[in-house]
Amino acid sequence: MSDAWLDALDPDPGISLAAWLGEARAAGLHEPEAAALATATPDGWPSVRMVLVRGVAEQDLRVYTNHESRKAGELRATGRAALCFHWSLPLHRQVRVEGRVERLTDDEAQRYFDTRARESRLGAWASPQSRPLADRAELDRRYAEATERFADREVPLPEWWGGYRMIPHAFELWQNRPNRLHDRARYERAGDGWSRTRLGP
Ligand SMILES: Cc1cc2nc3c(=O)[nH]c(=O)nc-3n(C[C@H](O)[C@H](O)[C@H](O)COP(=O)(O)O)c2cc1C
């Protein structure tokens, strides 16, 4: 049976996601790489937070963070995650991705770290992400210490900072339509390719 919307999508959902990201950028949306990252503890307690997903255009979904953060602990404990992108008007689209995750090598982390603004690299040294701080002053003091420590040299990659790659096994592309009769395509990994199914909205 023919299904014009579904048939217009690329058979590879990573290519469709990259194309939709490109359209979100072209539409001028702020931080179109932002997505909600869901993780869970080994006994199933979920948690979710926003992250910036790098490498979408190259179909290599990467998230960079502090390895001692809550999210990183859960990513390592389960090796699983889900992402949800949302692009508001004028696109009105959502993309969900589910898959396994693996830690990037320190070399890969270093390459990305080197692209970050100096202030962000200092921030990685200053922030004990996901752990308690006495007050704002403690964070500011830690940032000032990092600034002084690396005053006359490049800011190195902290040993606790790096990234994770998602290896997707399912995608869902969602397009808003009138009367809440939205278009939904669920892709699942099938051998070397993907199966594709339209779902009810
Ligand atoms: C739009 C947006 C993008 C963010 N991107 C990142 C990111 O790429 N990496 C990161 O560690 N935290 C990012 N954060 C902060 C996280 O949402 C979160 O507060 C932090 O990583 C701690 O999460 P955790 O305690 O669950 O590990 C971002 C927040 C927002 C609102």
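Each value in this text was obtained by applying a stated rule to the coordinates, not by laboratory testing. Just so you know, these numbers come straight off a predicted model, no measurement behind them. Positions of Cβ are backbone-derived with ideal geometry, glycine not excepted, and every protein chain shown enters the neighbour counts.
By the compact-protein rule of thumb, 2.2 N^0.38 Å, the alpha-carbon radius of gyration of segment 61-110 corresponds to a ratio of 1.39. Of Glu98, Glu145, the sequence from fewest to most neighbouring Cβ atoms within 10 angstrom is Glu145, Glu98.
Return the inverse of the average 1/r over all pairs of distinct C-alpha atoms in segment 49-139, which is the Kirkwood hydrodynamic radius, in Å to one decimal.
15.3
Global dimensions of segment 1-76 from alpha-carbon coordinates: Rg and Dmax equal 15.7, 50 Å. By the Kirkwood approach, averaging reciprocal distances over each pair of separate Cα atoms, segment 112-154 gets a hydrodynamic radius of 11.0 Å. Applying the criteria of a DSSP loop state and at most 15 other Cβ atoms within 10 Å to the trypsin sites (Lys or Arg not before Pro) of segment 142-172 yields Arg153.
If you run the Gaussian network model on the chain, springs between alpha carbon atoms under 10 Å, then out of Arg76, Arg141, Arg184 the most flexible one is Arg141. For His67, the residues whose amide H sits under 5 Å from its own are Trp161, Gly162, ignoring neighbours fewer than 5 places away on the same chain, with H placed 1.01 Å from N.
Helix 136-149 axis versus longest C-alpha principal axis of the chain: approximately 70°, rounded to the nearest ten.
Per the Kirkwood definition applied to all pairs of different Cα atoms, how many angstroms is the hydrodynamic radius of the chain? The answer is 18.7 Å.
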